[in-house]
Amino acid sequence: MALQNFGVIGLAVMGENLALNVERNGFSVAVYNRTTEKTTAFMENRAQGKNVKPAHSLEEFVASLERPRKILLMVKAGKPVDAVIEQLKPLLEPGDMIIDGGNSLYEDTDRRVADLEAAGLRFIGMGVSGGEEGALNGPSLMPGGTREAYEAIEPIVTKIAAQVDDGPCVTYIGPKGAGHYVKMVHNGIEYGDMQLIAEAYDLLKNVLGLTNEQLHDVFAEWDETEELDSFLIEITANIFKKKDDMGDGFLIDKILDAAGQKGTGRWTVVSSLELGVPIPTITAAVNARVMSAYKDERMAAAKELAGPGGKFDGNTQGFINKVRDALYCSKMCSYAQGMALLGTASQEFEYNLDLGEIARIWKGGCIIKAGFLNKIKRAFDENPNLANLLLAPEFKQTILDRQAAWREVLMAANGLGIPVPAFSASLDYFDSYRRERLPQNLTQAQRDYFGAHTYERTDKSRGEFFHAEWF
Ligand code: NBP
């Protein structure tokens, strides 16, 4: 009996599509799902006539795979992943490998890599981006964990990944939970991008009063620019065209303004705080979703707390261009923060990340794919030790050239009472990062005053601490 090349456990949205992608690329696949009806439905529909073999027990599934076995888990992150690993472990043999393609917390992946390696098995934690469409036609893949396991799956993952001008959107990210860490930060950056676009929309709609047709035109035009050409800008333009199929008008105006946040966005913020890396734009994006969810309270507060009101009375096209510049400058800050977090995590966790290569594998297949990632790749290729993306020559000059427009947009928003938390957090990041002196001399004085926490002095060496008698 011919054995299958690759196994997939979990036939929800992602598992089904990845299994079909692997099969389409010339590898035979075995599939298993806890609830057998899903396996049957898959085999009778999308997998019909394909080189896909269903299994109705894990024993049957494991026995149907060639060795070393390559098993992709696409089950819900958290306890289900541990549950499936525990069931699989006694069935596997040395050298077999499990690849967790879900959005697992990197610390869980660290633990699982160590646990499986100790048992003579191999484990890969692989971030998968691109949603349903990417999973089927070419995702961006971020595998980390046991190096030899990556080498064994490389011929498969390089085929199923999205393909861009400089290769497939996959690379070995690093040891332990490096792949899931990078996927987590990718998602944090995605939160930042989405919030920045939402703020641009708010300004164009509520400051300038643009219609959905006009908003479509603006975003479609921005998608043609070198700076903003990206998947998220493209789908934003498309969203403004969509008519409501349950009533009159456009769908966008009927969608409730309350967004959820789960898992990866929050984890990115937690990790940034733990590592001491400021990521205010991404944090503002997570908070903006949290605030949006307070819909009922906001509706009540809107009746009590009046803002400044008023109308914008400047040049409409001029303001649109300034919002575009503000969006681009803010986006640069957001990516600078995400990459700085990756740089610190790389050192702290010994991931040995190649930031240029990470920017490259995000160029296709994923939600943040954008032309702009070419510039990031170049910046890190030219200087792998770059302290901050904002210091890279092409980013530096652009932000300096456009900062006046960025500031004008924020002043207009503040004056009219339009919240722009991620635009503001980005400008604050830029202004804080570029300032030689911040007011934390006062913070240090207060800490020494009330708690004898000591301080360093500007006229003495770093690392020399002083305490004053304040009373
Ligand atoms: P879900 O996250 O909705 O998980 C459903 C799958 O998990 C089903 O196959 C279910 O089996 C299985 N499962 C559960 Br729940 N508990 C189990 C257990 N104790 N033992 C065995 N199987 C169990 O699926 P998804 O949306 O395809 O996502 C899979 C992973 O990929 C997640 O980690 C997700 O965060 C990540 N991801 C999703 C997307 C996306 O766009 N959806 C994108 C990128 C990454 P059942 O049928 O028997 O209930």
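Any residue that is outside any helix (DSSP H, G or I) and within 30 Å of PRO308 (Cβ to Cβ) - is there at least one of those in region 426-436? Scanning region 426-436 turns up at least one residue that is outside any helix (DSSP H, G or I) and within 30 Å of PRO308 (Cβ to Cβ). Which residue pairs have Cβ atoms under 6 Å apart, sit 6 or more places apart or on different chains, and have a first residue in region 65-87 that is farther than 13 Å from GLY102 by Cα and in contact (Cβ under 8 Å) with a residue 12 or more places away in the chain and a second that is among the charged types (D, E, K, R) and outside any strand (DSSP E or B)? Correct list of pairs: PRO68/ASP96; ARG69/ASP96. Here the helices (runs of 4 or more DSSP H) wholly within region 1-100 that include at least 1 residues being within 12 Å of the ligand (Cβ to nearest atom) and surrounded by fewer than 15 Cβ atoms within 10 Å (Cβ to Cβ) are 13-24, 36-44, 79-88.
The requirement of being closer than 20 Å to MET142 by Cβ and among the hydroxyl-bearing types (Ser, Thr, Tyr) is satisfied by TYR335.
Among helices (runs of 4 or more DSSP H) entirely within region 260-332, having at least 2 residues that are of a type in the set (D, E, K, R) singles out 264-275, 295-304.
Yes/no matrix, rows are residues, columns are (1) within 17 Å of SER334 (Cβ to Cβ); (2) touching a strand residue (DSSP E or B) at 6+ places or on another chain (Cβ under 9 Å); (3) loosely packed, with under 11 Cβ neighbours inside 10 Å:
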position	(1), (2), (3)
ALA220	no, no, no
LEU228	yes, yes, no
PHE231	yes, yes, no
GLU234	no, no, no
ASN238	no, no, no
LEU251	no, yes, no
LYS254	no, no, no
ALA258	no, no, no
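Of the residues making up region 115-162, those that are farther than 11 Å from GLY365 by Cβ and of a type in the set (Asp, Glu) are ASP115, GLU117, GLU132, GLU148, GLU151, GLU154.
Applying the condition of being of a type in the set (A, V, I, L, M) and out of contact with any helix residue (DSSP H, G or I) (no Cβ under 6 Å at 6 or more places or on another chain) to region 121-155 and asking which residue is nearest to ASN25 (Cα to Cα) yields ILE153. Taking the condition small (Gly, Ala, Ser), more than 26 Å from LEU232 (Cα to Cα) and assigned to a helix (DSSP H, G or I), does GLY463 pass? So GLY463 fails the test.
Of all residues in region 134-147, those being in a helix (DSSP H, G or I) and either at pLDDT 95 or above or surrounded by 24 or more Cβ atoms within 10 Å (Cβ to Cβ) (or both) number 4. When ASP448 is tested against (1) within 26 Å of the chain's Cα centre (by Cα); (2) in a helix (DSSP H, G or I), exactly one condition is not met: (1).
Any residue that is in a loop (DSSP other than H, G, I, E, B) and under 19 Å from ILE320 (Cβ atoms) - is there at least one of those in region 176-184? So far as region 176-184 goes, no, none of its residues is in a loop (DSSP other than H, G, I, E, B) and under 19 Å from ILE320 (Cβ atoms). Among residues of region 101-133 being over 27 Å from GLU348 (Cβ atoms) and part of a helix (DSSP H, G or I), the one that is nearest to the ligand (Cβ to nearest atom) is GLY131.
The values are calculated or read from the model by the stated rules, or taken from the named source; none is laboratory data. Because the structure is a prediction, the values reported are computed rather than measured. FYI the Cβ positions are ideal-geometry reconstructions off the backbone, even for glycines, and counts take in every protein chain you see.
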